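Single-structure report; data block below.
The values are calculated or read from the model by the stated rules, or taken from the named source; none is laboratory data. The shown structure was predicted, so the numbers you read here are calculated from the model rather than taken from an experiment. When we count neighbours, we look across all protein chains shown, and the Cβ atoms used for this are built from the backbone with ideal geometry, even at glycine. Side chains are part of the model used for accessible areas, which takes the heavy atoms of the whole protein and leaves out ligands, DNA and RNA. Shrake-Rupley method; radii C 1.70, N 1.55, O 1.52, S 1.80 Å.
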Amino acid sequence: MEDKLELLKKECLECQKCRLFKTRQNVVFGKGSVEAKVMFIGEGPGEQEDLQGEPFVGRAGKLLDKMLKAVDLNRESGKIYITNIVKCRPPKNRDPQTDEQQACINYLYRQIELINPEIIVFLGRISAKKLMKDDIKITKEHGILYRKNNMLMMAMLHPSALLRTPSLKPEAFEDFIKLRSLISGEKEYEVIQL
Ligand code: URA
């Protein structure tokens with residue numbers, strides 16, 4: 001699987017399927033373990049990610065790291081893989097447009113297929129809307145477990161939203177705790193079939 005993922009990455013690094021290739025410094029393919037139990041999917045690279053070629057390495061990423069560490073899921077744990085809906089930075093961090101998401105989505109489908117995680121966690125509304133639930137209300141529906149295409153899924157508040165509104169951090173952290181007990185198998189949770 002590692003080889004196949006590397007091949008896919010190579011292909012992605014050369015991608016010119018949408019306008020975002022013109023303004024990127026680096027393609028941010030994704031990073032983590034091929035054996036990951038949890039796959040985190042954000043929206044798209046920001047400035048730091050574009051410069052460094054890795055997902056979630058800016059301010060939002062630092063906050064994500066803190067929360068991951070608190071539930072024993074840090075990047076070195078071998079339990080996670082992190083990527084985004086679009087692999088190139090949208091100028092000025094605007095939302096990725098529908099046609100850009102569509103041009104990029106096959107890379108993500110193939111990453112999901114190769115990694116085959118136990119659960120997909122969507123960071124923020126944009127990725128949850130694209131792959132899980134078109135009418136998602138993230139403020140109400142974060143932390144709820146869904147099953148779709150035989151895959152367990154959950155949306156979480158985007159760490160950038162938590163930087164803007166720190167009072168949301170406690171409820172966001174509850175979702176991380178839920179994620180931990182879910183993957184350790186110590187608790188069973190209700191799952192809504194989509
Ligand atoms: N925000 C995202 O959605 N993804 C990143 O990689 C960084 C910030």
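What number of residues in the range 45-79 are of a type in the set (K, R), free of Cβ contacts under 8 Å to residues at least 12 places away in the same chain and more than 14 Å from the ligand (Cβ to nearest atom)?
Residues of the range 45-79 of a type in the set (K, R): 59, 62, 66, 69, 75, 79.
Adding the requirement that they be free of Cβ contacts under 8 Å to residues at least 12 places away in the same chain leaves 62, 66, 69.
Filter again for more than 14 Å from the ligand (Cβ to nearest atom), leaving 66, 69.
Number of matching residues: 2.
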Considering residues that are more than 8 Å from the ligand (Cβ to nearest atom) and not hydrophobic (A, V, I, L, M, F, W, C), the number found within the range 32-44 is 4
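Need at least 3 residues that are crowded, with 20+ Cβ neighbours inside 10 Å per element, so show me which helices (runs of 4 or more DSSP H) inside the range 1-104 make the cut, counting only ones lying wholly within it. Full working, then the answer.
Numbers: elements: 2-13, 47-52, 59-70.
Result: 59-70.
Only one residue in E141, E118 is touching a strand residue (DSSP E or B) at 6+ places or on another chain (Cβ under 8 Å), open to solvent by 20 Å² or more (accessible area, probe 1.4 Å), closer than 29 Å to C15 by Cα and in contact (Cβ under 8 Å) with a residue 12 or more places away in the chain, so which one is that?
Values: E141 fails: closer than 29 Å to C15 by Cα.
From the options E141, E118, the qualifying one is E118.
Looking at L108, is it open to solvent by less than 10 Å² (accessible area, probe 1.4 Å) and either in a helix (DSSP H, G or I) or under 22 Å from E11 (Cα atoms) (or both)? Let's see the steps before the verdict.
Values: open to solvent by less than 10 Å² (accessible area, probe 1.4 Å): yes; either in a helix (DSSP H, G or I) or under 22 Å from E11 (Cα atoms) (or both): yes.
The answer is yes for L108.
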